[in-house]
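**Student:** Below are the structure tokens for one structure; questions will follow.
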Amino acid sequence: MERLSARLASDDAPLAAAQAVAREHGVACDEAVRLAGGSNALVHLKPAPVVARVMTGTAVLHDDVERWLAREVAVGTFVAERSDVVVPPSQILPPGPHERDGLWMTLWKFIPHDAEAPPPEPRELGRSLRALHVALAGFPGDLAPLSGIRDWLERLLAELRPSPSLTRQDIDWLRLELDALTPAVFESSLPAQALHGDASLSNLLRTESGLVGNDLEDVCAGPVAWDIAGLVTNARARGQSATFSEALLAAYGDPGVEDLEPFLEAHTLYEVIWHGFEGRSMKRAAASLARLREGRAG
């Protein structure tokens with residue numbers, strides 16, 4: 001796999017590509033402003049109320065990027081037509097997918113939000129995720145199963161190379177752990193529905209009307225426990241307490257929160273493998289691996 005993120009995250013290629021697509025469709029774009037970086041780039045195409053989500057990292061996870069992004073737009077359109085719990089696709093120009101200079105992107109409505117707001121309260125987080133799942137439940141289209149995420153992880157594991165923070169023995173152990181978690185998580189017999197796929201505090205915007213979900217690129221079909229565990233894992237990584245997690249789960253309510261442990265372990269495993277693959281935070285990957293092993297030992 002070619003690692004695009006390291007090369008593109010630091011240059012202007014995503015901004016230029018997004019501007020080019022906007023101008024091709026007759027939309028004025030005097031200034032392209034990077035709102036966020038990381039695995040992908042978010043670009044506000046000012047003065048238009050449009051944000052381009054440009055794939056600079058996660059595109060390597062998929063054989064058919066266009067189909068994957070088309071599914072994201074379809075789910076976003078479906079939910080936005082029925083509720084205000086997600087950022088809607090752009091209506092000013094076709095939301096895509098678009099490809100320009102080797103970069104794929106989708107286009108979304110710019111939603112004013114407070115990027116400096118403190119973390120939401122746990123009850124608000126739980127209610128927000130439940131509302132999103134209610135809105136997603138009726139999606140009629142085909143979605144990749146949750147087992148597709150396991151397949152990504154297998155491919156990333158094959159790409160990992162030993163380092164001082166992640167040894168060959170660690171990588172072999174991660175592969176065994178992925179196999180062990182597959183029946184309970186990635187091939188679970190629990191009821192399945194459309195999921196966000198990457199539920200986290202980073203993918204929520206604080207707006208005047210409340211929390212709005214963002215970044216649907218990992219939409220898939222599986223048990224709601226996957227999203228719930230993702231949000232809990234993310235809150236823990238940000239230093240939130242067990243009491244915080246309990247309040248979040250209580251606000252979400254049943255069903256879906258009976259036995260989260262294997263899903264929590266799977267999210268920690270995902271974090272170790274992804275950070276190890278990107279090489280951005282080997283210290284964090286090593287710390288997550290230590291937590292995962294400690295949990296297994298317990």
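The values are calculated or read from the model by the stated rules, or taken from the named source; none is laboratory data. Please read these numbers as outputs of a predicted model, since none were measured by experiment. Please note: Cβ atoms are built from the backbone with ideal geometry, for glycine as well, and neighbour counts cover all protein chains shown. Note: accessible area is taken over every heavy atom of the protein model, side chains too, but ligands, DNA and RNA are not part of it. Shrake-Rupley method; radii C 1.70, N 1.55, O 1.52, S 1.80 Å.
**Student:** Name the residue that is surrounded by the fewest Cβ atoms within 10 Å (Cβ to Cβ), counting only residues in region 131-150 that are over 16 Å from the mean Cα position of the chain (by Cα) and not aliphatic (A, V, I, L, M). Give the steps one after another, and end with the answer.
**Tutor:** Step one: of region 131-150, the residues over 16 Å from the mean Cα position of the chain (by Cα) are 131, 134-135, 137-142.
From what is left, the residues that are not aliphatic (A, V, I, L, M) are 138-142.
Details: G138: 11, F139: 19, P140: 7, G141: 12, D142: 9.
Here the answer is P140.
**Student:** While we're looking at this one, here's another question. Of all residues being farther than 19 Å from V232 by Cα and acidic (D, E) in region 177-213, which is least open to solvent (accessible area, probe 1.4 Å)? Just the residue, please.
**Tutor:** E177
Conditions tested, residue by residue: (1) at pLDDT 75 or above; (2) surrounded by 21 or more Cβ atoms within 10 Å (Cβ to Cβ); (3) outside any loop (DSSP other than H, G, I, E, B).
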site: T233; (1), (2), (3): yes, yes, yes
site: G239; (1), (2), (3): yes, no, no
site: V257; (1), (2), (3): yes, no, no
site: E265; (1), (2), (3): yes, yes, yes
site: W274; (1), (2), (3): yes, no, yes
site: F277; (1), (2), (3): yes, yes, yes
site: R291; (1), (2), (3): no, no, yes
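**Student:** Can I ask one more? Check S128 against each of (1) over 30 Å from T243 (Cα atoms); (2) buried (at least 21 other Cβ atoms within 10 Å of the Cβ); (3) in contact (Cβ under 8 Å) with a residue 40 or more places away in the chain and name the one condition it does not meet.
**Tutor:** Condition (1) is where S128 drops out.
**Student:** Now for a separate question. Could you tell me whether E99 is in a helix (DSSP H, G or I), farther than 19 Å from A48 by Cβ, touching a strand residue (DSSP E or B) at 6+ places or on another chain (Cβ under 9 Å) and not hydrophobic (A, V, I, L, M, F, W, C)? Steps first, answer last, please.
**Tutor:** Values: in a helix (DSSP H, G or I): no; farther than 19 Å from A48 by Cβ: yes; touching a strand residue (DSSP E or B) at 6+ places or on another chain (Cβ under 9 Å): yes; not hydrophobic (A, V, I, L, M, F, W, C): yes.
It is false that E99 is in a helix (DSSP H, G or I), farther than 19 Å from A48 by Cβ, touching a strand residue (DSSP E or B) at 6+ places or on another chain (Cβ under 9 Å) and not hydrophobic (A, V, I, L, M, F, W, C).
**Student:** So, one more: Within region 108-161, which residues are among the β-branched types (V, I, T) and at pLDDT below 95?
**Tutor:** I111, I149
**Student:** H98 is checked against (1) at pLDDT below 90; (2) under 30 Å from L156 (Cβ atoms) and fails just one. What number does that condition carry?
**Tutor:** Going through the list (1) at pLDDT below 90; (2) under 30 Å from L156 (Cβ atoms), H98 breaks only (1).
**Student:** Considering only region 241-255, how many residues are closer than 20 Å to E271 by Cα and either touching a Leu at 6+ places or on another chain (Cβ under 7 Å) or surrounded by 18 or more Cβ atoms within 10 Å (Cβ to Cβ) (or both)?
**Tutor:** 1
**Student:** Looking for whichever is hydrophobic (A, V, I, L, M, F, W, C) and over 22 Å from W68 (Cα atoms) here; the options are W173, W152, W108. Which one fits?
**Tutor:** Working: W152 fails: over 22 Å from W68 (Cα atoms); W108 fails: over 22 Å from W68 (Cα atoms).
None of the other options fit; the residue is W173.
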